[in-house]
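**Student:** Structure incoming, see below.
Every number in this text was worked out from the coordinates using simple rules, so none of it is lab data. Just so it is clear, the structure is predicted and the values come from calculations on it, not from any experiment. Here the Cβ positions follow ideal geometry from the backbone for every residue, glycine too, while neighbour counts run over all protein chains shown.
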Amino acid sequence: SNESSASSLQSNDENIQISSYSATTWQLLKLCKPDWHYIFGGFIFLLAASVTEIFIPYFEGHVINDIVKSTSDTQIRDAIITLGLITFATSVCTGIRGGLFMVAVARMNIRIRNLLFQSVVKQDISFFDQSTTGEITSRLTSDVTKMSDEVTLNINTFLRGIIKVIGTTIFMFVLSFRLTVVTLISLPLIAIIVDYFGEWYKKLSKSVQDSLASANGVAEEVCSSIKTVRSFACESYEIQRYAKKLKITYGHKLKQAILYAGFEFTNEMLDLAITVVTLYYGGHLVITGQISGGMFIAFILYQLEMGESVEDLGEVYTGLMQAVGAADKVFELLDRKSEFTCNGTYAPAQLSGHIQFKDVSFSYPSNRERMVLDKVSFEAKPGEVIALVGQSGSGKSTCISLLERFYEPASGEILIDSHPISEYDHEYLHRKMALVGQEPVLFARKLEENIAYGHENCEFEDIRQSAIEANADEFIQDLHHGYGAYAGERGHNLSGGQKQRIAIARAIVRKPCILLLDEATSALDAYSEHLVQQAIKANCKNRTVIIIAHRLSTVEDADRILVIDKGKVAEEGNHFSLLAKNGIYTKLVKNQLLSTSKDSPQQ
Ligand code: ADP
């Protein structure tokens, strides 16, 4: 699944055109907008620093001329003071510029992460079915950092480079027209080389990021399922799988390194060629008295500076391409629209919990061909307890997923109090509904926080009461920190049955009007289950309950039992009427697919 999920986050690498890059750049600019005053301030100081810096070689040349000509000490001192003042001004501006840009980057980073997380959390569930957590977190972490760091760093370098190239060119022309022409002839050559290398580099950068994300996916998966890995002794297998992914990354990095080496070599050789020509021709100009020694040195300093700036500009290009590569992935996720929206607004004062499925058909987005539910229709009246039974894989949990709006039905309607669930306000509806899933998920927070999840302003007494009803109070009290004990990541510190009881407490503390229990007590021993069932039953009076269960004792008491078979409602009735039919239900009971729990102490 890793490969398929990796590709779900990848855009088609090869087809990225300049147009998409300019779109990305435009989006980046928009993202910078709220911090424009930091960025603007940074630019002002950047401008100031670059301009003052350009004067430095000129004054250095003057000092050298003064020294060579052995003019008076005061003249030399004055020239040095001027030089010192300019350098001081440059340093101050450079410092402020750096600080302002760093603040801007930090702010941008945080804002992008927040926006990205918002987008991620609001994606449809099928998005999560098809991507690994590692890939998603890698977007949130390394891609965001890469994007904002590289963007600001390179825009900085770019502007400084441009100003310096223009400034140094002007000074060079002033100092020696002919020498400057010689220098400038080589510039287009450098530009072409930079462009060529940059293009390759950006492609490789994207591949590096992609393969790293894929490796992260493996690490994430293994760490979160370490017990399974350990118990099947698959450590070496997983280590190899991870290494294989990293090897791919290394392959891309190696190509990048070779490219970089070639680039550096070409650059150095060009530098050398320019220096040789300048020294030869410039030496001739000094000897024939057409330029002073000091000014020739100033010229060389300008030339060096210009070379550096052009080189910097070249790196800006590759750097920006890296950033754009990362940004592309970030924006892809940032702009990803959930397949369906939660923009309903209906929120009546009272909800009675009347559920209706009308001809609901559904197939999972990952496998559209296979109809998981086929025209399912049923009704749960307010206060009723409906049990869904059927073989594993028949589509029971899917019914609950649709009711939770994890997915949208392909056709048909799901109504609550005669209103389609899509019309309801998302938060309103989910505060009225509570789900205890097959594998209850606890957060790495305190138990009381886990119980009060999504119901933050409830009293501790309510938390305790619901824990008592869920038969969880006793074991919680036995824990070292009681309700303040931490559940551990994904509830690792608790047993399966304990987790289920916390999840049940979490559901009942909200006093939901619709309670959905998907194998909610499967990990409990018969006695605990009996206690919890009693509590749930006692609480069912004013709420509609849909139960998926494998234990006959749970199902027997339901007002109505729906037998789901291959995505269809095959039979419907109460325990006795279904037994009388002698159909699928009877078979389920006989084959103990609905297990009896007569081992429970009393009935
Ligand atoms: P039950 O709850 O009756 O055991 P489910 O409703 O969980 O069955 O599953 C019904 C069918 O849908 C199964 O065949 C299962 O393979 C498939 N299915 C369940 N969840 C997903 C999913 N997230 N993506 C694709 N197929 C799924």
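**Student:** Between residue 435 and residues 5 or more places away or on another chain, which pairs have amide H atoms under 5 Å apart, with H built 1.01 Å from N, and which residues are they?
**Tutor:** Long-range HN contacts for residue 435: 516.
**Student:** I would also like to ask the following. Could you list which residues have their amide H under 5 Å from that of residue 543, counting only those 5 or more apart in sequence or on another chain, with H placed in the peptide plane?
**Tutor:** It is 383, by chain and number.
**Student:** Give the shape of region 132-255 as rounded, prolate or oblate, defined through the alpha-carbon gyration tensor: a ≥ b ≥ c are the square roots of its eigenvalues, a/c under 1.5 means rounded, and otherwise the shape is prolate if a/b is larger than b/c and oblate if not. Let's see the in-between values first.
**Tutor:** Details: a/c = 5.96, a/b = 3.08, b/c = 1.93.
Prolate.
**Student:** Now for a different question. In whole Å, what is the distance between the alpha-carbon centres of region 384-448 and region 41-106?
**Tutor:** 68
**Student:** Compute, for region 352-494, the length of the dipole vector about the Cα centre, with Cβ point charges of +1 (Lys, Arg) and -1 (Asp, Glu) only. Units Debye, rounded to 20.
**Tutor:** Values: 13 positive and 24 negative charges, 116 e Å.
Rounded to the nearest 20 debye, it is 560 debye.
**Student:** Given labels modelled 7 Å from the Cα in the Cβ direction, how far is it in nm from residue 290 to residue 258?
**Tutor:** It is 4.6 nm.
**Student:** Roughly speaking, what is the stretch gain from residue 336 to residue 195, that is 0.36 nm per residue apart minus the C-alpha to C-alpha distance, in nm to one decimal? Working shown, then result.
**Tutor:** Details: separation 141, 0.36 × 141 = 50.76 nm, distance 3.15 nm.
Using 0.36 nm per residue and subtracting the Cα-Cα distance, I get 47.6 nm.
**Student:** Can you tell me, using C-alpha contacts under 8 Å and at least 6 residues apart, the relative contact order of the chain as a whole percent? Could the numbers behind the result be given before it?
**Tutor:** Details: 855 pairs, mean separation 89.4, N = 603.
Worked out over the chain, it gives 15 percent.
**Student:** Tilt of helix 144-175 relative to the longest C-alpha principal axis of the chain, in degrees (0 to 90, nearest 10)?
**Tutor:** Rounded to the nearest ten degrees, it is 10.
**Student:** Ok, one more. If the viscosity is 0.890 mPa s and the temperature 25 °C, what Stokes-Einstein diffusion coefficient in µm²/s follows for region 355-590 when Rh is the Kirkwood radius over Cα pairs?
**Tutor:** Numbers: Rh = 18.3 Å.
Calculated translational D: 134 µm²/s.
**Student:** Residues in region 184-222 near a label at residue 234, defined as backbone nitrogen under 17 Å from the 7 Å Cα→Cβ point?
**Tutor:** Within reach of a label on residue 234: 215-222.
**Student:** Please list the non-local residues whose amide H lies under 5 Å from the amide H of residue 565, H modeled 1.01 Å from N, same-chain partners needing a gap of 5 or more.
**Tutor:** Under 5 Å from the amide H of residue 565: 570.
**Student:** Which net charge results when you count Lys and Arg as +1 and Asp and Glu as -1 among the other residues whose beta-carbon is under 12 Å from that of residue 498? Walk me through the numbers before you get to the answer.
**Tutor:** On the way: positive: 499, 501; negative: 473, 474, 478, 525.
Surrounding charge for residue 498 is -2.
**Student:** Which peptide among 219-227, 52-60 comes first, and what is the full order, when sorted by highest mean count of other Cβ atoms within 10 Å?
**Tutor:** Values: 219-227: 15.0, 52-60: 19.4.
Highest mean packing first, the order is 52-60, 219-227.
**Student:** Another one. Whole Å is fine, so just give me how far the alpha carbon centre of region 183-217 lies from that of region 321-344.
**Tutor:** 24
**Student:** What net charge is computed for the residues neighbouring residue 349, neighbours being all others with C-beta under 12 Å from the C-beta of residue 349, Lys and Arg scored +1, Asp and Glu -1?
**Tutor:** Values: positive: 432; negative: 417.
Residues close to residue 349 contribute a combined charge of 0.
**Student:** Of the listed pairs 537/568; 499/590; 146/247; 203/244; 375/537, which have alpha-carbon separations greater than 24 Å here? Let's see the in-between values first.
**Tutor:** Details: 537/568 27 Å; 499/590 31 Å; 146/247 21 Å; 203/244 21 Å; 375/537 30 Å.
Check vs 24 Å cut-off fails for 537/568; 499/590; 375/537.
**Student:** Still on this structure, I have one more. In nm, give the distance between the simple-model label positions of residue 170 and residue 244, each being 7 Å from the Cα along the Cα-to-Cβ direction.
**Tutor:** It works out to 6.0 nm between the two label points.
**Student:** For residue 560, what charge total do you get from the other residues with a beta carbon under 10 Å from its beta carbon, if Lys and Arg give +1 and Asp and Glu give -1? All intermediate terms of the calculation are to be shown ahead of the outcome.
**Tutor:** Working: positive: 381; negative: 379, 384, 559, 572.
Spelling it out: positives minus negatives among the neighbours equals -3.
**Student:** If you don't mind, there's one more thing I want to ask. In deg cm²/dmol and to the nearest 500, what is the mean residue ellipticity at 222 nm of the chain if only DSSP H runs of at least 4 residues count, each as -39500 (n - 2.57), divided by the residue total?
**Tutor:** Numbers: 22 runs with 380 residues, N = 603.
It lands at -21000 deg cm²/dmol.
**Student:** If you don't mind, there's one more thing I want to ask. Among 554-562, 413-421, how do they line up by average Cβ neighbours within 10 Å per residue, starting with the highest? Show your work: numbers first, answer last.
**Tutor:** Values: 554-562: 20.4, 413-421: 16.3.
Descending packing order for the listed peptides: 554-562, 413-421.
**Student:** Continuing with this model, one more query. Which of the peptides 512-520, 367-375 is most tightly packed, and how do the rest follow, going by the mean number of other Cβ atoms within 10 Å of each residue? Walk me through the intermediate numbers first.
**Tutor:** Details: 512-520: 23.7, 367-375: 14.3.
In decreasing order of mean packing, 512-520, 367-375 become 512-520, 367-375.
**Student:** Cα axis of helix 18-32 to longest principal axis of the chain: angle in degrees, 0 to 90, nearest 10?
**Tutor:** 80
**Student:** Taking a ≥ b ≥ c as the square roots of the Cα gyration tensor eigenvalues, with a/c under 1.5 meaning rounded and otherwise prolate when a/b beats b/c, else oblate, which class fits the chain?
**Tutor:** Working: a/c = 3.35, a/b = 2.88, b/c = 1.16.
Here the chain falls in the prolate category.
**Student:** Which one, 414, 471, 218, is farthest towards the positive end of the dipole of the chain when Lys and Arg carry +1 and Asp and Glu -1 on their Cβ?
**Tutor:** Most positive-ward Cα: 414.
**Student:** Also, quick follow-up: What Kirkwood Rh does region 462-541 have if only Cα atoms enter the pairwise 1/r average? Answer in Å. Intermediate values should be presented prior to the final figure.
**Tutor:** On the way: mean 1/r = 0.0784 Å⁻¹.
Final number for the Kirkwood radius of region 462-541 is 12.7 Å.
**Student:** Taking the Cα atoms only, what angle lies between the long axis of helix 460-469 and the longest principal axis of the chain, rounded to 10 degrees?
**Tutor:** 50
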